[in-house]
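This report concerns only the one structure given below.
The values are calculated or read from the model by the stated rules, or taken from the named source; none is laboratory data. Remember, it's a predicted structure, so these values are computed and weren't measured experimentally. Please note: Cβ atoms are built from the backbone with ideal geometry, for glycine as well, and neighbour counts cover all protein chains shown. Only protein heavy atoms, including side chains, enter the accessible area calculation; ligands, DNA and RNA are left aside. Shrake-Rupley method; radii C 1.70, N 1.55, O 1.52, S 1.80 Å.
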Amino acid sequence: MALGPVDVYIIGFPGNQFTGRIAPVVLDLIEKGTIRIIDILLVIKDEAGQVTALEMAHLSESAGPSFMEIGIAQPGALGQDDADEISDSLENNSSALLIAFENLWAAKLTEGLQAANAYVIDHVRIPAEVAESVITA
């Protein structure tokens, strides 16, 4: 079975207002076979600039009960090095959720490319805001 490409999203939460309300959307994508979660890491920077990284297993129910239902394929794939890398760009009293996921939808394309002895030369992702501005212009 071919692997789909893996993306890591870094999602910011000003004021450390992480509530887990994005979990139902993530669970829906998992249930539909669109993505598979590789790992999740929450990076919190307090008002004094102290950084804490919490792996999925260490998140409490306060993150939201549906958030706790998300299965992780490779716990620890994201870690302290990743937290350190983004901590400088985090403002004090904010947090970031790092989500690494495999794009299962693209695995069939990968299989087709392999069968055709072809390969991807490059991949460009256009942010949703940019695409929307072009489409609605």
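Condition check ((1) farther than 29 Å from L41 by Cα; (2) at pLDDT 90 or above; (3) small (G, A, S)) across all residues:
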| position | (1), (2), (3) |
| --- | --- |
| G79 | no, yes, yes |
| A83 | no, yes, yes |
| A96 | no, yes, yes |
| I99 | no, yes, no |
| L113 | yes, yes, no |
Here is a check on your reading of the model: is A73 open to solvent by less than 60 Å² (accessible area, probe 1.4 Å) and at pLDDT 95 or above? no
Would you be able to tell me the number of residues in the range 21-50 that are part of a loop (DSSP other than H, G, I, E, B) and over 13 Å from the mean Cα position of the chain (by Cα)? 9
Across the range 12-35, what is the number of residues that are more than 20 Å from E47 (Cβ to Cβ) and open to solvent by less than 50 Å² (accessible area, probe 1.4 Å)? 7
Conditions (1) closer than 26 Å to L41 by Cβ; (2) modelled with pLDDT of 95 or more; number of the one not met by A128: (2)
Kindly check whether there is at least one residue in the range 78-98 that is within 20 Å of D28 (Cα to Cα), under 19 Å from the mean Cα position of the chain (by Cα), part of a helix (DSSP H, G or I) and in contact (Cβ under 8 Å) with a residue 40 or more places away in the chain. no
